[in-house]
1. Using θ = phi - 60° and the Karplus relation 6.51 cos²θ - 1.76 cosθ + 1.60, list the HN-Hα couplings for region 20-28 in order, rounded to whole Hz, with x at every Gly or Pro.
2. Long-range amide H contacts for Arg78: which residues qualify at under 5 Å (H placed 1.01 Å from N, peptide plane, sequence gap of 5 or more or a different chain)?
3. Given an 8 Å cut-off on Cα distances and at least 6 residues of separation, report the relative contact order of region 56-109 as a percent.
4. At a Cα cut-off below 16 Å, give the lysines reachable from Lys16, other chains included and same-chain residues fewer than 8 away excluded.
5. Using a 10 Å cut-off on Cβ atoms, rank the peptides 45-58, 73-86, 98-111 from the highest mean neighbour count down.
6. Could you pull out every one of the lysines with an alpha carbon less than 23 Å from that of Lys104, ignoring same-chain neighbours closer than 8 positions?
Amino acid sequence: METIRKIRLAARDGNKSIRQIARDFHVSRNTVRQVLRSGKTRFEYHRGSVYRPKLGPFVENLSELLEHDRSLPVKQRRTAQGLYEALQVEGYRGAYDSVRCFAKSWRAEHQDTPTTAVHCAAQYLPVPNHPYTPRDCCPGVCRH
């Protein structure tokens, strides 16, 4: 967003050419043209479908691993690297990034309802004759 503002200001106030603006901000001339012609304040790219020819036969195995990990405590779940290594043992020869992206999207789709954090005031038990009150001290974050 900051770069978009700078590009528009350079074009308006500096009377610079598109080529000079592209050179100054290290973007392509097409990007400068796109910014100047549109009124958008943010440009995003969303890929439609992803073609993963090498991961295809292993998607079912990967989903099973992720489903199994879902029942485990968070600290015991496999990382994307662990999932990649488990697939390599089964014969997968594709890229790590394909496994990482698939695992990330799978976890986002199958995410449980987010746990709500318990406020520290609810966890605090007042101690008689203690110099701090609940509003002064929170477990782990005390103000002296």
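All of the numbers you see were taken from the coordinates with simple rules; none came from a lab. Predicted model only: the values in this text are computed from it and were never measured. Backbone-built Cβ (ideal geometry, glycine too); neighbour counts: all protein chains shown.
1. Listing the rounded values in order: 5, 5, 4, 5, 5, 9, 6, 10, 6 Hz.
2. Amide H neighbours of Arg78, under 5 Å, 5+ apart: none.
3. Working: 22 pairs, mean separation 20.9, N = 54.
Taking the mean separation of contacting Cα pairs over the length of region 56-109, I get 39 percent.
4. List returned: Lys6.
5. Working: 45-58: 9.7, 73-86: 13.1, 98-111: 14.6.
Result, highest mean Cβ count within 10 Å first: 98-111, 73-86, 45-58.
6. Lys54, Lys75
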